[in-house]
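Student: Input: one structure, supplied below.
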Amino acid sequence: MAETAPVPDSFITVRSTLPRLPLPLISERPLVKTERLLIRPLAASDLEALHELRTQPEVMFWTSAGKPDSSLDEAKAKLDYFLSPEGNNKSFNFAICFKEDPSKLIGIGGCHSWSSSLGWPELGYMFRKEVWGQGIATEFLKAWLPLWKALPREATEVKCDERTLRGGNGVYENTEEMVEERLMALTTDANGKSQNILKKCGFQHVLTWKAREPRPSEDGTEMLLVDMPSFRYFPGR
């Protein structure tokens, strides 16, 4: 059963840990190889491939935009932000490529928001439709999560939705003490494949809430009320 949408004005402040800021510079971030993938820092030369990715309707359907980019400028704005000093400090995204073609990204993924709709940092990923169903997202996420966990931590205050502190037994963490750090991932009710990927990689469902999301229609784009299953991951475990 869906719960009410998060209301930032009602968020509580807790003591926890987060990756220490500033995050490593793009030039200092690691390059990781898996069985099939090369996961590397983003670069300005990724613009064309990112634009191709963001113009696939099947891909963009699952994003907050809900529709493909209308111009190269939209992809450039995204990439410019991730490569900027501000984006460097508030995101930990990587280009995802096949090892045999390391210059052509097939996807992008990582922490794209330091403060999600539920307060904690948020994970996100997107892949070209041609590679769907091949286990690429799971392979990426299992390689990226150790990078996130390895970042140096610092104690800090976090404003978050209190429900993210709720355990499976309905008991809440003690907010008078340091609470365990979370990483959030938000999905929609129709995206069962992404939910399965998150579960395979150690994420737990924490709550489902209703949100208005843009979706293509005959007249352009309309806002629909959809269920948002939300998941959390504990980097300290």
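The values are calculated or read from the model by the stated rules, or taken from the named source; none is laboratory data. Owing to the predicted nature of the structure, the values given are computational and were not obtained by experimental measurement. So basically every Cβ, Gly included, is an ideal-geometry build from the backbone, and we count neighbours across all protein chains shown. These accessible areas exclude ligands, DNA and RNA; they are computed on the full protein's heavy atoms, side chains included. Shrake-Rupley method; radii C 1.70, N 1.55, O 1.52, S 1.80 Å.
Student: Checking Ser27 against (1) outside any loop (DSSP other than H, G, I, E, B); (2) modelled with pLDDT of 95 or more: exactly one of these is not met. Which one?
Tutor: Condition not satisfied by Ser27: (2).
Student: What pairs can you find where one residue is in the range 6-27 and farther than 16 Å from Phe82 by Cβ, the other is in a helix (DSSP H, G or I) and open to solvent by 80 Å² or more (accessible area, probe 1.4 Å), and their Cβ atoms are less than 7 Å apart, with a gap of 6+ or different chains?
Tutor: From the range 6-27, the pairs are Ile12/Glu162.
Student: Go through the range 163-206 and report how many residues are at pLDDT 95 or above and at positive phi.
Tutor: 1
Student: Can you report the number of residues in the range 139-165 which are touching an Asp or Glu at 6+ places or on another chain (Cβ under 8 Å) and not hydrophobic (A, V, I, L, M, F, W, C)?
Tutor: 3
Student: Scan the range 193-214 and report the pairs whose first residue is in contact (Cβ under 8 Å) with a residue 40 or more places away in the chain and within 28 Å of Val131 (Cβ to Cβ) and whose second residue is of a type in the set (D, E, K, R) and assigned to a helix (DSSP H, G or I), with Cβ atoms within less than 7 Å and a gap of 6+ or a chain change.
Tutor: Pairs found: Cys201/Lys142.
Student: Follow-up question, since we're still on this one. Can you tell me which residues in the range 33-51 are surrounded by fewer than 16 Cβ atoms within 10 Å (Cβ to Cβ) and in a helix (DSSP H, G or I)?
Tutor: The answer is Ala44, Ser45, Glu48.
Student: Another question, then. Would you mention how many residues in the range 112-141 are in contact with a Ser or Thr (Cβ under 8 Å, 6 or more places away or on another chain), farther than 28 Å from Ile12 by Cα and open to solvent by 10 Å² or more (accessible area, probe 1.4 Å)?
Tutor: Looking only at that region, the number is 3.
Student: Every residue in the range 82-107 that is among the hydrophobic types (A, V, I, L, M, F, W, C) and open to solvent by 10 Å² or more (accessible area, probe 1.4 Å), please.
Tutor: Taking the range 82-107 and keeping what is among the hydrophobic types (A, V, I, L, M, F, W, C), we get 82-83, 92, 94-98, 105-106.
Matches in the range 82-107: Phe82, Leu83, Phe98, Ile106.
Student: Okay, next question. In this structure, does Trp144 turn out to be aromatic (Phe, Trp, Tyr), touching a residue at least 60 places away in the same chain (Cβ under 8 Å) and either touching a Cys at 6+ places or on another chain (Cβ under 8 Å) or part of a loop (DSSP other than H, G, I, E, B) (or both)? Can you show your working first?
Tutor: Numbers: aromatic (Phe, Trp, Tyr): yes; touching a residue at least 60 places away in the same chain (Cβ under 8 Å): yes; either touching a Cys at 6+ places or on another chain (Cβ under 8 Å) or part of a loop (DSSP other than H, G, I, E, B) (or both): no.
Judged against the criteria, Trp144 is not a match.
Student: Do you know which residues across the range 160-212 are among the hydroxyl-bearing types (Ser, Thr, Tyr), closer than 25 Å to Ser91 by Cα and not in a helix (DSSP H, G or I)?
Tutor: Within the range 160-212, Thr187, Thr188, Thr208 meet the criteria.
Student: Let me ask you something else. When you check Lys159 against the structure, is it among the charged types (D, E, K, R), surrounded by fewer than 18 Cβ atoms within 10 Å (Cβ to Cβ) and in contact (Cβ under 8 Å) with a residue 40 or more places away in the chain, yes or no?
Tutor: Considered against the rule, which asks whether it is among the charged types (D, E, K, R), surrounded by fewer than 18 Cβ atoms within 10 Å (Cβ to Cβ) and in contact (Cβ under 8 Å) with a residue 40 or more places away in the chain, Lys159 comes out as yes.
Student: Within the set of pairs 6+ apart or on separate chains, which have a first residue in the range 39-57 that is under 12 Å from Met126 (Cα atoms), a second that is at pLDDT 95 or above and open to solvent by 50 Å² or more (accessible area, probe 1.4 Å), and C-beta atoms under 6 Å apart?
Tutor: Gln56/Lys129
Student: Here's something else I'd like to know. Would you tally the residues in the range 55-81 being open to solvent by less than 30 Å² (accessible area, probe 1.4 Å) and in a helix (DSSP H, G or I)?
Tutor: 4
Student: Could I ask something else about it? Those residues that are within 18 Å of Ser115 (Cα to Cα), open to solvent by 30 Å² or more (accessible area, probe 1.4 Å) and over 17 Å from the mean Cα position of the chain (by Cα), I need them from the range 167-211; list them, please.
Tutor: Selection gives Glu180 alone.
Student: Let me ask something else. Of the numbered conditions (1) touching a residue at least 24 places away in the same chain (Cβ under 8 Å); (2) within 28 Å of Val158 (Cα to Cα), Asp80 fails exactly one; give the number of that condition.
Tutor: Against the list (1) touching a residue at least 24 places away in the same chain (Cβ under 8 Å); (2) within 28 Å of Val158 (Cα to Cα), Asp80 comes up short only on (1).
Student: How many residues are of a type in the set (Ser, Thr, Tyr) and farther than 16 Å from Leu50 by Cα if we restrict to the range 81-98?
Tutor: Let us first name the residues in the range 81-98 that are of a type in the set (Ser, Thr, Tyr), namely 81, 84, 91.
Imposing the further condition that a residue be farther than 16 Å from Leu50 by Cα reduces the set to 84, 91.
Residues that pass the stated criteria total 2.
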